[in-house]
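Q: Pasting a structure here, questions to come.
The values are calculated or read from the model by the stated rules, or taken from the named source; none is laboratory data. What you see is a predicted model, and the numbers here were worked out from it, not measured in a lab. Cβ placement follows ideal geometry from the backbone for every residue including glycine, while neighbour counts extend to all protein chains displayed.
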Amino acid sequence: MNCPHCGYHDSRVIDSREINDGIRRRRQCLQCQFRFTTYERLQPVGLFVIKKDQRREEFNRDKLLIGMRKACEKRPLASGTLDKIAEDIEAELYRSGRLEIPSSVIGDMVMERLKSLDHIAYIRFASVYREFTDITTLKELVDALASGEGGASPPANQLPLLSAEELEELAERGAGKSRPKSEPMRSS
């Protein structure tokens, strides 16, 4: 391992620790005494993602994390939560024994986990992943979550999508009836 400070070709290992999916090693350069950390991770057999246009692309956990981070931006999530989800999804994909996985399977796995984690992040991810073409489709998804059809209830630290008053108002108006144009939607 070359030293990142001086480029010398040799270093000694000061400390090694197991981490979730590999080994973390603390090293010291034998030339300049600079200390640095390296991570060793098993490089599994290549797993390929079949994209919508049928292209094949090597699975990239970082790309998965980027998509989830965008959906979860400014949401009250514990640090490391998304890394754990990405790790779980990757492990599940490798356990499947398949070398090629459709991107839709990965997207569904992410949506399933986000739905139980944070409803706002779930809706953000779904709006991009499912490529909604109109507001009606998005509204149907929000309505399903708000009415409890979406599965698990949101975490305790998450604000509801709609206030109790707004839910009552929607129920009173009934399905398919729209709000009168002169009456703006109240915000809480």
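Q: Surrounded by 11 or more Cβ atoms within 10 Å (Cβ to Cβ), outside the structural domain of His119 (by TED's automatic domain parsing) and over 30 Å from Arg130 (Cβ atoms): is that true of Arg26 in this structure? Spell out the reasoning first.
A: Working: surrounded by 11 or more Cβ atoms within 10 Å (Cβ to Cβ): yes; outside the structural domain of His119 (by TED's automatic domain parsing): yes; over 30 Å from Arg130 (Cβ atoms): yes.
Yes, satisfied.
Q: Continuing with the same structure: Could you please find all residues in the range 12-30 being at pLDDT 95 or above and touching a Leu at 6+ places or on another chain (Cβ under 8 Å)?
A: Arg12
Q: List every residue pair whose Cβ atoms lie under 9 Å apart, where the two residues are 6 or more positions apart in sequence or sit on different chains, the first residue falls within the range 133-159 and is farther than 17 Å from Leu114 by Cβ, and the second residue, located anywhere, is surrounded by 12 or more Cβ atoms within 10 Å (Cβ to Cβ) and at pLDDT below 80.
A: Asp143/Leu170; Ser147/Leu167
Q: Given the conditions (1) out of contact with any His (no Cβ under 6 Å at 6 or more places or on another chain); (2) of a type in the set (A, V, I, L, M, F, W, C); (3) modelled with pLDDT under 90, and given that Leu114 satisfies all but one, which numbered condition is not satisfied?
A: It is condition (3) that Leu114 fails.
Q: Ok, one more. May I ask you to list the residues in the range 66-88 that are loosely packed, with under 12 Cβ neighbours inside 10 Å and farther than 26 Å from Arg41 by Cα?
A: Within the range 66-88, Glu73, Lys74, Pro76 meet the criteria.
Q: With Leu65, Leu42 as the choices, which residue is of a type in the set (A, V, I, L, M, F, W, C) and out of contact with any Leu (no Cβ under 9 Å at 6 or more places or on another chain)?
A: On the way: Leu65 fails: out of contact with any Leu (no Cβ under 9 Å at 6 or more places or on another chain).
Only one candidate passes the filter, namely Leu42.
Q: Also, I was wondering about something else. Of the conditions (1) on the phi > 0 side of the Ramachandran plot; (2) in contact with a Leu (Cβ under 7 Å, 6 or more places away or on another chain), Leu47 fails just one. Which one is it?
A: Just one mismatch for Leu47, condition (1).
Q: Would you mind stating whether Phe59 is surrounded by 11 or more Cβ atoms within 10 Å (Cβ to Cβ), under 24 Å from the mean Cα position of the chain (by Cα), aromatic (Phe, Trp, Tyr) and within 22 Å of Glu131 (Cβ to Cβ)?
A: Criteria met by Phe59.
Q: Here is a check on your reading of the model: is Phe48 within 21 Å of the chain's Cα centre (by Cα) and among the aromatic types (Phe, Trp, Tyr)?
A: yes
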